[in-house]
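Working notes, beginning with the structure itself.
Only the coordinates and a few stated rules stand behind these numbers; no lab work does. Nothing here was measured: the structure is a model prediction, and the numbers come from that model. No Cβ is skipped: glycine too gets one built from the backbone with ideal geometry, and neighbour counts run over all protein chains shown.
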Amino acid sequence: MKIANLEQLKEIKARGLRLTYPDKIKIMVGMATCGISAGADKVYAALSQRIAELGLDVVLTKTGCIGFCQREPLVDVIYPKQVRLTYQAMTSESATALVDALKEGRIYESQTLCRIDQEDFLVEGVVRPYANPHPPELPPEFPRYEDLPFFSKQVKISLRNCGFINPESIEEYIARGGYQALCKAVAEMTPEAVIAEVKASGLRGRGGAGFPTGLKWEFCRNAPGELKYVICNADEGDPGAFMDRGILEGDPHAVVEGMAIGAYAMGAREGYVYCRAEYPLAIDHLKTAISQAEGLGLLGEKIFGSDFSFTLKIREGAGAFVCGEETALIASIEGRVGEPRPRPPFPAQSGLWGKPTTINNVKTWSHIAPIVARGADWYASFGSGNSKGTTVFSLVGKVNNSGLVEVPLGITLREMIYDLGGGIIGDRAIKAVQTGGPSGGCIPEEFLDTPVDYDSLAALGSIMGSGGMIVMDEKDCMVDIAKYFLDFTRDESCGKCTPCREGTLRLMEMLEAITEGRGQEGDIDKLIKMSGLIKKTSLCGLGATAPNPVLTTIKYFRDEYEAHIRDHKCPAKVCKPLITFRVLEDKCNGCQLCRLRCPVEAVLGTKKEPHQIIQEKCIKCGACYDGCKFDAVVVD
Amino acid sequence: MPEEAARARTTYAEVTDEDAVAGIIATYRDEPGNLLPVMLDINRHFNWLPRPALEHISDELKVPLTEILRVASFYNAFSLTPRGKNIINVCLGTGCFVKGSPRLLERLERKLGIRHGETTEDMAFTLEVVRCIGCCALAPAIRVGEATYGRVNPDQVSKIIDSYIETASL
């Protein structure tokens, strides 16, 4: 059927609610890429097999990532009219035990991460309890979802449905208020009113640059021309970032609906999602979402019985970081080499095939439906100053709780790392937090009380970026990190403009020399000078921001550079040419493990006698160090 | 150049290859900007871009071969040399990098006796690095074919590879 009005949408919603909250036990397995890589597919298979064996009448389904990737594989069980429990670190064995407990009519009480008593239907602004009153028989030590530090400071707008619905079911998306905003926009609002709402919300581009979204839309709407395009940038190329993957895998309709609203506002009839090929599952879910939306008439001709028509296509990226830059992305959709071009003209004037085009990031699009449904004032009540609303970060690296988190802008880095992230692994000292990927910088511990917003991070020489937040500890060498990012940008520079092509290469050569002990006095100043030149003269954002990792590490960790150059030492003991492995004779009991682990026979020694490492043969792979159970192998 | 001469392509390895390529081109023929989707599908079908296929695209889509080769060498996804049956991607995203993925790469290089970017002689494995597969919270991660492995430690590498060798010899 084709949905022509709100009543018909509500019919689907009723169906969706029955699917989402059946009157029998429902088991959901987090099956995003992160879940699968932790073994969720095996857990799903084990659940499915045991359910069949016992002939149990329950619903088994898949869901997206609720964000707590650290504890994957996650399984949720909704005990009807009682509670929803989230189970962590599940295995095939515990999956079988879970089904056995259900068969006996018990609540499975092991491996609980938290209990969820109610959930928010964000778009509608209502709360749906799982149980009322709460089941008294549950042990009090089961923490509530909203009391877990990882979740308590989060406000989920982009991630509103991730981990709560089956991403391959449009009915479940509609059940939680999906497509109501599109209906409202098309049926009750003029395109200008939609743009005014987005402008008033203060939403800024979540791809990293932070350009006001409503203003961008207005430029495109006002650009002359009948044919216009909207594009979703899902070419999430920043290493260490997976927010877009999480959203597309867990709630693809949020992006589809946002784009349809944007197309209506700007007068576009066609749109593209440009998604990197490295995300096969995201592409798969997006394809399903688009065909489902077409099936219900939410994409296609005469949407909600109006004159508005919109079709959406997917284009796969082919692995080029520079294609995240909007003009390069457009060139890539046109089937050409993804090289950026000078702006102006901006895409809003002349974009895809020379037509006015608006490109927004996955996260930006996913904010649109809630803004239209709940209003600009509601959205702007989150966040601070010039940075309104929420944004999604991938909090990874050396933190205890890594995962996908959505927080109101203005939260401090310290809250992110120590409250949500649960502190540093092994209680080691934090050294830096890296934001903004290869375009961003490393922020040292002394600035951890900085609020996370566009302006504050820029003031520190980093950028907010698309949302990668990588925490580093004392075992990370900052010169090595700078080299890592330069290796990346040098590799990904498209080569069109000289400052970026040659400049990143020269920076990389200098950093290589420093990490190999060939650095010279004056190198730091040369790095700074070269960086300034590249920033000023590069054609696009890739080159203009590529030196940021170098500049921030020099600014905040100059002593590490100096140690490499002057003392030929790597304080973090990372840079291979500057370190040596040796065995402490008094600690070595001759267990021979290191000798057996060494791939190049560089360890000598007989059983029960202290061993020694032949430095000429040692390739510094660290296998002896990792393997030693007596801390007898040390790095100098 | 007469049409006949232009069509005298280098030959495909298998007779069915030409049909496969023709089929892929037909799928996207009417799409604007279809070069990339066509090349991606061909790259997926063969695991690389064989020369006859590129000449085939050039003929059919009327795109100069030089432009096709430029696109093929620009994007990381494309390979102009044959790749192995199993493509191993070691993630070098920042999350994996700080959690030790370079050491996984070293182990794999030693285990397979090749450097990254190379293919084993028996064409069983190609070892590549990838800049983030989005599994940062389960770092370090590697992908073999379509299977993703999270939280891999260097000692597990051998076992993972062996499981593919066994499958291959069955």
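Express in % the proportion of alpha carbon pairs of segment A:548-602 at distances exceeding 15 Å.
65
With viscosity set to 1.306 mPa s at 10 °C, what whole-number translational diffusion coefficient in µm²/s follows for segment A:442-501 from Stokes-Einstein and a Kirkwood radius over Cα pairs?
After rounding, the answer is 117 µm²/s.
If a/c stays under 1.5 just call it rounded; otherwise compare a/b with b/c (prolate if a/b is bigger, oblate if not). Do that for segment A:6-152, with a ≥ b ≥ c from the square roots of the Cα gyration tensor eigenvalues.
Rounded is the answer for segment A:6-152, as its axis ratio a/c remains below 1.5.
Write out the trypsin sites (Lys or Arg not before Pro) in segment A:23-97 meeting two conditions: DSSP loop, and at most 15 other Cβ atoms within 10 Å of their Cβ. Don't skip to the answer; put the middle values down first.
Numbers: sites: A:Lys24, A:Lys26, A:Lys42, A:Arg50, A:Lys62, A:Arg71, A:Lys81, A:Arg84; in loops: A:Lys24, A:Lys81.
Sparse-neighbourhood loop trypsin sites (Lys or Arg not before Pro): A:Lys24, A:Lys81.
Which residue, B:Pro50, B:Pro140, B:Pro37, has the most motion in a Gaussian network model of chain B that connects Cα atoms within less than 10 Å?
Checking each option, the largest mean-square fluctuation is seen for B:Pro37.
How many angstrom lie between the C-alpha centres of segment A:286-345 and segment A:212-248?
9
Hey, which aspartates and glutamates would be in cross-link range of A:Lys620, C-alpha to C-alpha under 18 Å, not counting anything within fewer than 8 residues on its own chain?
The qualifying aspartates and glutamates are A:Asp476, A:Asp480, A:Glu512, A:Glu516, A:Glu601, A:Asp631, A:Asp636, B:Glu106, B:Glu109, B:Asp155.
Taking R0 as 35 Å, what's the FRET efficiency between A:Asp120 and A:Arg428 from their Cβ-Cβ distance, rounded to 0.05?
Computed FRET efficiency for A:Asp120 and A:Arg428 comes out at 0.45.
Suppose R0 equals 35 Å; then what is the FRET efficiency for A:Glu446 and A:Asn222 from their Cβ-Cβ distance, rounded to the nearest 0.05?
Efficiency computed from Cβ-Cβ geometry: 0.15.
How big is Rg to Rh over segment B:63-170, alpha-carbon atoms, Rh as the Kirkwood inverse-mean-distance radius?
Expressed as Rg/Rh, it is 1.02.
Antiparallel as a % of all DSSP beta bridges within chain B, to the nearest 5?
Percent antiparallel among DSSP bridges in chain B is about 55.
Quick check on my link table: of A:Lys2/A:Lys287; A:Lys573/A:Lys607; A:Lys153/A:Lys475; A:Lys475/A:Lys569, which ones sit more than 22 Å apart, alpha carbon to alpha carbon?
Pairs exceeding 22 Å: A:Lys573/A:Lys607; A:Lys153/A:Lys475.
Would you list the membrane-span-like helices of chain B, meaning whole DSSP H runs whose alpha-carbon atoms span at least 18 Å along their axis and whose mean Kyte-Doolittle value is at least -1.0?
Numbers: long enough: B:15-28 (22 Å, 0.66); B:157-169 (19 Å, 0.32).
The answer, listed by residue number, is B:15-28, B:157-169.
Taking Cα atoms of segment A:29-102, Rg/Rh with Kirkwood Rh, to two decimals?
Ratio of gyration radius to Kirkwood radius: 0.94.
Just to be sure I follow the rule: in segment B:15-170, considering lysines 8 or more places apart or on different chains, how many pairs have Cα atoms under 29 Å apart?
Lysine pairs meeting both conditions in segment B:15-170 amount to 6.
Counting other Cβ atoms within 10 Å, keep those with at most 15, restrict to DSSP loop, and tell me which GluC sites (Glu not before Pro) in segment B:82-170 are left.
B:Glu121, B:Glu146
Contour minus end-to-end for B:His45 and B:Leu80, with contour as 0.36 nm per residue of separation and end-to-end as the Cα-Cα distance?
11.3 nm
Considering only DSSP beta bridges whose two residues both sit in the protein assembly as shown, what percent are antiparallel, to the nearest 5?
Details: 50 of 83 bridges.
Restricted to the protein assembly as shown, the bridges split so that about 60 percent are antiparallel.
Among A:Thr390, A:Thr606, A:Thr358, which comes first, second and so on when ranked by fewest other beta-carbon atoms within 10 Å?
Least crowded to most crowded, the residues run A:Thr606, A:Thr390, A:Thr358.
Hey, rough spin-label estimate for B:Thr27 and A:Arg501, points 7 angstrom out along Cα→Cβ, what's it come to in nanometres?
Placing both labels 7 Å along Cα→Cβ, they lie 3.4 nm apart.
Calculate, in nm to one decimal, what A:Glu585 and A:Gln49 gain on full extension: separation in residues at 0.36 nm each, minus their alpha carbon distance.
Net length gain for the segment: 187.5 nm.
Would you mind computing, in nm to one decimal, how far apart the modelled labels at A:Ala193 and A:Asp567 are, each placed 7 Å from Cα along Cα→Cβ?
6.8
Rounded to whole Å and sorted largest first, list the principal axis extents of the Cα atoms in segment B:3-74.
Each principal axis gives a Cα extent; for segment B:3-74 these are 26, 25, 25 Å.
What order do you get for B:Trp48, A:Trp353, A:Trp365 when you list them from fewest to most C-beta neighbours inside 10 Å?
On the way: B:Trp48 20, A:Trp353 13, A:Trp365 30.
Ordered from fewest to most neighbouring Cβ atoms within 10 Å, B:Trp48, A:Trp353, A:Trp365 come out as A:Trp353, B:Trp48, A:Trp365.
Can you classify segment A:195-379 as rounded, prolate or oblate using the Cα gyration tensor, where a ≥ b ≥ c are the square roots of its eigenvalues, rounded means a/c under 1.5, and otherwise it's prolate if a/b beats b/c and oblate if not?
Since a/c stays below 1.5, the shape of segment A:195-379 is classed as rounded.
Order of B:86-94, B:54-62 by packing, highest average Cβ count within 10 Å first? Let's see the in-between values first.
Values: B:86-94: 25.2, B:54-62: 17.3.
Highest to lowest by the protection proxy: B:86-94, B:54-62.
If the chain between A:Ala4 and A:Ser291 were fully stretched, how many nm would it gain, using 0.36 nm times the residue separation less the Cα-Cα distance?
101.6 nm is the gain from fully extending A:Ala4 to A:Ser291.
How shielded is A:488-495 by partner chains, expressed as the average number of their Cβ atoms within 10 Å of its Cβ atoms?
Values: counts 6, 0, 0, 3, 2, 0, 1, 1.
Mean shielding count: 2.
What percent does the relative contact order of chain A come to when contacts are Cα pairs within less than 8 Å and at least six residues apart?
Averaging sequence separation for qualifying contacts and normalising by length gives 11 percent for chain A.
Using the C-alpha atoms of segment A:384-473, what convex hull volume per residue, in cubic angstrom, is computed?
In segment A:384-473, the Cα hull volume divided by residue count equals 75 Å³.
Treat the protein assembly as shown as a sphere of radius equal to its Kirkwood radius over Cα pairs and apply Stokes-Einstein at 4 °C in a medium of 1.567 mPa s; give the translational diffusion coefficient in µm²/s, rounded to a whole number. Kindly include the intermediate steps, with their values, before the conclusion.
Numbers: Rh = 28.0 Å.
Estimated diffusion coefficient is 46 µm²/s.
Hand me the tally of lysine pairs in segment A:6-152: alpha carbons under 27 angstrom apart, and the pair either on different chains or 8 or more positions apart.
Going through segment A:6-152 pair by pair, I get 21.
Starting from a Cα-only point model with no solvent, please compute log10 I(q)/I(0) by Debye for segment A:66-218 at q = 0.13, 0.14, 0.15, 0.18 1/Å.
Debye output, listed in q order: -0.76, -0.85, -0.93, -1.18.
Starting from the Cα gyration tensor of segment A:478-566, take the square roots of the eigenvalues, sort them a ≥ b ≥ c, and report rounded, prolate or oblate (rounded when a/c is under 1.5, otherwise prolate if a/b is larger than b/c, else oblate).
The shape class here is prolate.
Please list, by residue number, every one of the trypsin sites (Lys or Arg not before Pro) in segment A:592-625 that is coil in DSSP and has at most 11 other beta-carbon atoms within 10 Å.
Numbers: sites: A:Arg595, A:Arg597, A:Lys607, A:Lys608, A:Lys617, A:Lys620; in loops: A:Lys607, A:Lys608, A:Lys617, A:Lys620.
Those that pass, being in a loop and sparsely packed, are A:Lys607, A:Lys608.
To the nearest whole number, what is the average tally of beta carbon atoms from other chains within 10 Å of the beta carbons of peptide B:138-147?
Values: counts 12, 6, 0, 4, 1, 4, 0, 0, 3, 3.
Partner Cβ neighbours, averaged per residue: 3.
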